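What follows is a single structure, written as structure tokens, with notes after it.
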Amino acid sequence: MLRVGLTGGIAAGKSLAARTLLDLGALVIDADALAREVVEPGTDGLAAVVDAFGPGMLDAEGRLNRPALAAVVFADEDKRKVLNGIVHPRVRARAAELEEGAAPETIVVHDIPLLVETGQHRNFDFVLVIDAPEEERIRRMAEDRGMSEEAARARIAAQAGAAERAAAADVVLVNDGTAAELVEAVRDLWRRRLVPLNENLLAARE
């Protein structure tokens, strides 16, 4: 089982890369999806968030008010660390459960936005980073997500820089062209690197 860590800055194209890998046959474990799952109503994760940040973090239906929480944690590094301390361990535990259920020949891709920031890149056989020029990412956030330039820059500042991610990567794919070009680059990486690496791991364990 080849274990791949996939990451990239916000709006770099990581989600498109993840969907492409899923289409190619990988088991993709989405840390963002798990981060939502572990703070659903009734979970100990949501209870911990409320304990740390107050009942104002809940909406009228008792669900996590994500915009309110984001406004708090993206403006305060200490509060962001508190939130990460609640969410990240629960996400990792759930991801481990999903991976354990995979067949031995599976290529497992962990899609983790904060892979480098949390030091998790050291836990994988292969690290793939999707990058794009910062100004292009800001443009995408404004056009696709309706974010202000100030909010977009704050999100970027809260993540590792391109150099830090590149230093942790086995491969960096720069998404500065079309979506089709990124898809083809991911497909090429799958054929040339990931599948052979997985075959080598399987052969070594026989």
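The values are calculated or read from the model by the stated rules, or taken from the named source; none is laboratory data. All values reported here derive from a predicted model rather than from experimental measurement. For neighbour counting, all protein chains shown are included, and Cβ atoms are generated from backbone atoms with ideal geometry for every residue, glycine included. The accessibility values were calculated without ligands, DNA or RNA, using every heavy atom of the protein model including side chains. Shrake-Rupley method; radii C 1.70, N 1.55, O 1.52, S 1.80 Å.
Every residue in the stretch 45-76 that is under 22 Å from the mean Cα position of the chain (by Cα), free of Cβ contacts under 8 Å to residues at least 12 places away in the same chain and either surrounded by 11 or more Cβ atoms within 10 Å (Cβ to Cβ) or not in a helix (DSSP H, G or I) (or both), please.
Within the stretch 45-76, 65, 66, 70, 71, 73, 76 meet the criteria.
Would you say residue 137 is in a helix (DSSP H, G or I), under 11 Å from residue 9 (Cα atoms), at pLDDT below 95 and in contact with a Ser or Thr (Cβ under 7 Å, 6 or more places away or on another chain)?
So residue 137 does not fit the description; no.
How about the stretch 185-203: which of its residues are charged (D, E, K, R) and open to solvent by 90 Å² or more (accessible area, probe 1.4 Å)?
The answer is 191, 192, 193, 199.
Looking at (1) small (Gly, Ala, Ser); (2) in contact with a strand residue (DSSP E or B) (Cβ under 9 Å, 6 or more places away or on another chain); (3) at negative phi, find the lone condition where residue 25 falls short.
Of (1) small (Gly, Ala, Ser); (2) in contact with a strand residue (DSSP E or B) (Cβ under 9 Å, 6 or more places away or on another chain); (3) at negative phi, only one is false for residue 25: (3).
Mind listing whichever residues of the stretch 19-34 are modelled with pLDDT under 95 and open to solvent by less than 20 Å² (accessible area, probe 1.4 Å)?
Within the stretch 19-34, 31 is the sole residue that qualifies.
Tell me, please, whether a residue that is of a type outside the set (A, V, I, L, M, F, W, C), in a helix (DSSP H, G or I) and either in contact (Cβ under 8 Å) with a residue 24 or more places away in the chain or open to solvent by less than 40 Å² (accessible area, probe 1.4 Å) (or both) can be found in the stretch 144-151.
Yes, because at least one residue in the stretch 144-151 is of a type outside the set (A, V, I, L, M, F, W, C), in a helix (DSSP H, G or I) and either in contact (Cβ under 8 Å) with a residue 24 or more places away in the chain or open to solvent by less than 40 Å² (accessible area, probe 1.4 Å) (or both).
Please specify each residue of the stretch 112-128 satisfying the condition of being among the polar types (S, T, N, Q) and either in a strand (DSSP E or B) or open to solvent by less than 30 Å² (accessible area, probe 1.4 Å) (or both).
Within the stretch 112-128, 120 is the sole residue that qualifies.
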